[in-house]
Number of protein chains: 2
Amino acid sequence: MVKRTSLENADCPVARSLDAIGDWWSLMIIRDAFLGMRRFGEFQKSLGLAKNILTTRLRTLVGCGILELVPASDGSAYREYALTQKGRDLFPILVALRQWGETYAFAPGEVPNFLVDRKSGQPVQKLEVRATSGRRLNSFDTEVRPRQ
Amino acid sequence: MVKRTSLENADCPVARSLDAIGDWWSLMIIRDAFLGMRRFGEFQKSLGLAKNILTTRLRTLVGCGILELVPASDGSAYREYALTQKGRDLFPILVALRQWGETYAFAPGEVPNFLVDRKSGQPVQKLEVRATSGRRLNSFDTEVRPRQ
């Protein structure tokens, strides 16, 4: 991946997030981890990815603390990849990506699956950006301001 | 970018979103467009990116309907890049990336800038995944279910 050069961007929280997770495969691995996958072979089967590429991506995700290696849940000698709290906190990013895809990447009525609340079985609410007062905000209602 | 091969993934809304925007530079261009940049030279200066790479990314973003070419706002002969509605609807993704970066990619107290509500000057609320009832949901509270 070509790297940014501008110093200005190094100070941007969006840029720093993308440094950690901003490539297609890393995000697909994270998605699969949220779906419950934990083993190298599971990720490989799901993503159809060459072993060396998957190895590199997993190592990077462990290195930046998004995944951690843990003993296998079945007591075998294998080790598994589990999301850390830092990784679990990526959940709103995945939900936002999913919801945009539902709207724009499928024909109406063709979305094949939904993220639902287990308890009610109903799809989760659409993510909305809100002010502290609860008012809905679109991008025109907001701006980036330097720390005082 | 290496492409996925699994058919299963082609049906995933997350994967389809990432097909459109899932590389570092595309998301940085979209970020800059949200910050108000519209001209080739502005993106280039901000991102420190080779002209040919920027040209390719902009063409892709126009091709998938996230940006559109419009007459220059100052009446000159230039054309500018503007976010379409499809592009503006990426806002929650950018906000989610920013908020995760604020938490995990800076030392406490070192976040250099904030996304604020223009009206109140207060930072926007943290994005939260919620059930239709309004209950907060984490990833364990949810699952992906096929369309009935």
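One table, with the values for the structure above:
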| quantity | calculated |
| --- | --- |
| Inter-copy separations for residue B:148, label at 7 Å along Cα-Cβ, nm, ascending | 5.1 |
| Choice from B:96, B:131, B:77 with maximal GNM fluctuation in chain B (Cα, 10 Å cutoff) | B:131 |
| Cα-only Debye scattering, the protein assembly as shown: base-10 log of I(q)/I(0) at q = 0.09 Å⁻¹ | -0.45 |
| Average projection area in nm² (convex hull over Cα atoms of the range B:91-141, one quarter of hull surface) | 5.0 nm² |
| Candidates A:82, A:33, A:105, ranked by Gaussian network fluctuation over chain A, Cα under 10 Å, top entry | A:105 |
| C-alpha center-to-center spacing [the range A:120-148, the range A:23-89] in angstrom | 30 Å |
| Volume per residue that the Cα convex hull of chain A spans, once the total is divided by residue count, Å³ | 195 Å³ |
| On Cα atoms only, tilt of B:51-63 relative to the major axis of chain B in degrees | 60 degrees |
| Fewest-first ranking of B:78, A:104, using other Cβ atoms within 10 Å as the exposure measure | B:78, A:104 |
| Lysine pairs within the protein assembly as shown, Cα separation less than 22 Å, 8 or more sequence positions apart or different chains | 8 |
| Peptide A:48-54, shielding by other chains (average Cβ, 10 Å cutoff) | 2 |
| Peptide-level mean, for B:77-87, of C-beta atoms on other protein chains within 10 Å | 1 |
| 10 Å Cβ neighbours from other chains, averaged over peptide B:104-114 | 5 |
| GNM flexibility winner over chain B from B:91, B:106, B:34 (Cα, springs under 10 Å) | B:106 |
| Degrees separating the helix B:91-104 axis from the principal Cα axis of chain B, which is the longest one | 70 degrees |
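Since every read-out is calculated from the coordinates, none of them should be taken as a lab result. Note that the coordinates shown come from a computational prediction; the quantities given were computed from them, not determined experimentally. Backbone-built Cβ (ideal geometry, glycine too); neighbour counts: all protein chains shown.
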